[in-house]
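Chemist: Got a structure here, written out as structure tokens. Questions coming.
No value in this document is a laboratory result; all are computed from the given coordinates. This one's a predicted model, so the numbers in the text were calculated from it and none came from an experiment. Every residue, glycine as well, gets a Cβ built from its backbone with ideal geometry; the counts of neighbours run over all protein chains shown.
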Amino acid sequence: MFSRLRSRFLLLIACILVLPLGAQEAKRAKYVFLLIGDGMGVNQRYLAEQMLRYTSGDPKRQLVMNQLPVQGLTTTYSANSVITDSAAAGTALACGVKTNNGKIGVLPDGTAAVSIAEQAKQAGMRVGIITSVSIDHATPAVFYAHEGGRNSYYEIAASLPKSGFDFFGGGKSLGDQPNYRRNRPSVVDLATAKGYRLIDSLAGLQAATPGTPVWAYSPVVDGAAAIPYEIDKTEGIIPLADFATQGIRLLDNPNGFFVMIEGGRIDWACHVNDPMTAAIETQAFDRVVEIACAFQRQHPDDTLIVVTADHETGGMSFGSTFTGYAFHPEPLAAQTVSYEKLVGYASRYRKENTPYFDVSTELRQLLGLEVLNHWENELLRNALEMTKVAPADRHYDWAQLERYGKNEPLAVACLKIVSSRAGLGWGTFAHTGTPVQTSAIGVGAERFADLYDNTELCNRMRELMGLPKP
């Protein structure tokens, strides 16, 4: 009898001791960061880290995202293809459902899907959307818009002020450009009418105070309304890290917040197989991860950070026929301009009919290449011949499509030389269907340690935030 009472007493004590642990495991994520590197596969992360080690002189240097305690893999397929686009992958990450490529925040049949950001706002949290590309591009759009086509930029942008989200930051609106707006009301005017404060300077952003919804964008953007590439060192931009710092400051409040921050131009660089530009954009995105982790250290019991990608772009691989088992960072570090800048040089060569010797001399200086071998010279000569044909008059055969895609031939040829010298390979100018790496730290981070689908990533975040699955 005494033995049975003693056993029950010990069991009761054990249950009492376990209760606080259970309560701690169930703690709600109050401050939530979803950080998305668009097109950022495992090798994009690894390349950025290798170049960070080389340029810093520290062979053990790591990206902050690669140091997070939890690492997992996430599948990315869409409802109608094993190879997703950003609209379908973004919808999965934002809404926890599969949809067809090209659709923004809707199911394949067009039914609107509720995003985790919309739920967070309804639950009384502040919400922020930040990106280095246009604010109405696919990945940011899926958190606040619901459209059957990702190219409906005006309709997407017009949904921004209707969302009531507290902070938008980064690129401008592509939908507000004349070819998409088509004499309809300006999206800026629509946002102003809804009470948004429009800010286009870092000083103005730093002076903003919480409580008024803000739409802040870089005063300098490219033709696609995106923040220019960091490698091009454009004067007057507001970098992604500054938008993150100020956005967090404005979102911070006792009810918590949800913020999505996208490094969108990693994808764009990989679409044209531009290695060093992609590495630098990934490093810039990693500075945002570092900023988020600094916040997490101040709020360790309430913060969740999840770092992932919507898909991989370019089929980047380490290994080249020309370099065997060697990797050479020197050619990458010598690259001083992006594909986008190289396109500008190619356009000038076409207009001025610049001879090959002058072209190769200038390009070697831009890319840090002292001497070109026979194969490299032939590659540039052939590309220059195509470049001097007006884009509308070009006819690509199979080999040319495989070599250049539909991109500017001379610019792609330059980057092929840099990649091959470094020991990098590229499989496509499009997306791939490979799983991507996901990293996490904070409340419930262990939930992201295994292999899971991108829809599951969203739904696990919902659970940790105390939000229902719609």
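Chemist: What net charge do the residues around Ile135 carry, taking every other residue with its C-beta under 13 Å from that of Ile135, with Lys and Arg at +1 and Asp and Glu at -1? Please list the in-between numbers first.
Modeler: Details: positive: Lys172; negative: Asp136, Asp176, Asp200, Glu262.
Value of the local net charge: -3.
Chemist: Here's something else I'd like to know. Please report, to two decimal places, log10 I(q)/I(0) for the stretch 317-425 at q = 0.17, 0.19, 0.20, 0.22 Å⁻¹ as given by the Debye formula with identical point scatterers on the Cα atoms and no solvent.
Modeler: Log10 I(q)/I(0), no solvent term: -0.79, -0.99, -1.08, -1.28.
Chemist: Still on this structure, I have one more. Step by step: find N for the chain, compute 2.2 N^0.38 Å, then divide the Cα radius of gyration by it. What's the final number?
Modeler: Working: Rg = 24.1 Å, N = 470, 2.2 N^0.38 = 22.8 Å.
Relative to the rule-of-thumb radius for its length, the chain sits at 1.06.
Chemist: Could you compute the net charge surrounding Met276? Neighbours are other residues with a C-beta less than 14 Å from the C-beta of Met276; K and R count +1, D and E count -1. Present the calculation step by step, with values, prior to reporting the outcome.
Modeler: Details: positive: Lys233, Arg265, Lys341, Lys416, Arg421; negative: Glu49, Glu230, Asp232, Asp274, Glu281, Glu330, Glu340.
Net charge in that neighbourhood comes out at -2.
Chemist: Any chance you could run the full-extension gain for Glu362 through Ala449? It's 0.36 nm times the residue separation minus the Cα-Cα distance, nm to one decimal.
Modeler: Working: separation 87, 0.36 × 87 = 31.32 nm, distance 4.81 nm.
Extra length available between Glu362 and Ala449 comes to 26.5 nm.
Chemist: Let me ask another. With θ set to phi - 60°, apply the Karplus curve 6.51 cos²θ - 1.76 cosθ + 1.60 along the stretch 104-118 and write out the HN-Hα couplings as whole Hz, x wherever there is a Gly or Pro.
Modeler: Working through the residues one at a time gives 10, x, 9, 6, x, 8, x, 5, 5, 10, 7, 8, 5, 5, 5 Hz.
Chemist: By average Cβ neighbour count within 10 Å, what is the ranking of 130-143, 441-454, 251-264 from highest down? Display every interim value, and only then the final one.
Modeler: Numbers: 130-143: 29.0, 441-454: 19.6, 251-264: 22.4.
The densest-packed peptide leads the list: 130-143, 251-264, 441-454.
Chemist: Further question: So what is the relative contact order of the chain, in percent, for Cα pairs below 8 Å that sit 6 or more residues apart?
Modeler: Working: 966 pairs, mean separation 121.4, N = 470.
Across the chain, relative contact order equals 26 percent.
Chemist: Could you tell me the center-to-center distance, by alpha carbons, between the stretch 400-459 and the stretch 93-157 in angstrom?
Modeler: Result: 22 Å between the Cα centres.
Chemist: With helices defined as uninterrupted DSSP H runs, which ones in the chain have an alpha carbon span along their own long axis of at least 24 Å and mean Kyte-Doolittle hydropathy of at least -1.0? The partial results should precede the final answer.
Modeler: On the way: long enough: 2-25 (35 Å, 1.14); 275-298 (35 Å, 0.14).
Both cut-offs are met by 2-25, 275-298.
Chemist: Continuing with the same structure: Treat each spin label as a single point 7 Å out from the Cα along the C-beta direction, and report the Glu370 to Ser56 distance in nm.
Modeler: Label-label distance for Glu370 and Ser56, simple model: 2.9 nm.
Chemist: Quick check for me: using +1 on Lys/Arg Cβ and -1 on Asp/Glu Cβ, what's the dipole size of the chain about its Cα centre, in debye to the nearest 20?
Modeler: Roughly 1300 debye for the chain.
Chemist: Taking 35 Å as R0, compute the FRET efficiency from the Cβ-Cβ separation of Lys469 and Asn66 and round it to 0.05. The partial results should precede the final answer.
Modeler: Details: r = 31 Å, r/R0 = 0.87.
The value I calculate is 0.70.
Chemist: Given the pairs Lys27/Lys60; Lys60/Lys416; Lys194/Lys469; Lys98/Lys162; Lys233/Lys388, which are separated by over 31 angstrom at their Cα positions?
Modeler: Violating the 31 Å Cα-Cα cut-off are Lys27/Lys60.
Chemist: Cβ neighbours within 10 Å, averaged per peptide: list 226-233, 34-41 in order, most packed at the top.
Modeler: Values: 226-233: 20.1, 34-41: 26.9.
Taking the mean over residues of other Cβ atoms within 10 Å, the ranking is 34-41, 226-233.
Chemist: With each label point set 7 Å from Cα along the Cα-Cβ vector, what nm distance links Ser186 and Glu378?
Modeler: For Ser186 paired with Glu378, the spin-label model returns 5.6 nm.
Chemist: Counting Lys and Arg as +1 and Asp and Glu as -1, what is the net charge of the other residues whose Cβ lies under 10 Å from the Cβ of Gly314? Numbers along the way, then the final one.
Modeler: Numbers: positive: none; negative: Asp267, Asp274, Glu312.
Local net charge: -3.
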